[in-house]
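Below you'll find the structure, written out as structure tokens, and then a few comments.
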Amino acid sequence: MTIKQRLDQLLELTTTSDGKHLTYTPFAILKRDVGNVSLQSILRELDKLQRIQRIQLPPALFDNVPVHVIKLLHDRVRREPPREARRHPDARRYTLLAAFCHLRYQAICDNLVDL
């Protein structure tokens with residue numbers, strides 16, 4: 001599976017197995033805040049971290065991009081619902097999602113240290 005396919009998976013709807021039939025996207029889960037300090041919140045943050053790691057973005061992907069540009073891309077896609085993110089042309093969608101994952105990974109690491 002390619003990085004692009006793994007990024008696209010973030011936008012795919014999933015149904016819960018607990019019988020409530022709620023649908024969500026992994027992208028929506030990654031956008032959620034950490035919440036209260038608890039073992040459950042630590043486990044949720046670890047799950048988010050592992051989800052981003054499985055995408056396997058190259059470590060040097062944004063090395064030559066100014067941080068404020070990455071932040072602009074991150075903020076743009078973070079404000080969008082997944083259905084809007086899916087509508088972007090491929091190049092834009094992958095850039096936005098990669099920037100989001102790059103900064104979100106760092107934020108999740110910080111959250112785990114705080115927890």
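Numerical summary
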| item | result |
| --- | --- |
| Unique match (being surrounded by 10 or more Cβ atoms within 10 Å (Cβ to Cβ), under 25 Å from Met1 (Cα atoms), without any contact (Cβ under 8 Å) to a residue 60 or more places away in the chain and touching a Lys or Arg at 6+ places or on another chain (Cβ under 9 Å)) among Arg104, Arg44, Arg51, Arg86 | Arg44 |
| Of all residues making up segment 28-38, the number that are in a helix (DSSP H, G or I), touching a residue at least 40 places away in the same chain (Cβ under 8 Å) and among the hydrophobic types (A, V, I, L, M, F, W, C) | 2 |
| Selection status of Leu11, within 21 Å of Met1 (Cβ to Cβ), in contact with a Lys or Arg (Cβ under 9 Å, 6 or more places away or on another chain) and touching a residue at least 24 places away in the same chain (Cβ under 8 Å) | yes |
| Qualifying residue in segment 7-19 (condition: assigned to a helix (DSSP H, G or I) and hydroxyl-bearing (Ser, Thr, Tyr)) | no |
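No lab work stands behind these numbers, since they all come straight from the coordinates. Remember, it's a predicted structure, so these values are computed and weren't measured experimentally. All Cβ positions, glycine included, derive from the backbone under ideal geometry; neighbour counts span all protein chains shown.
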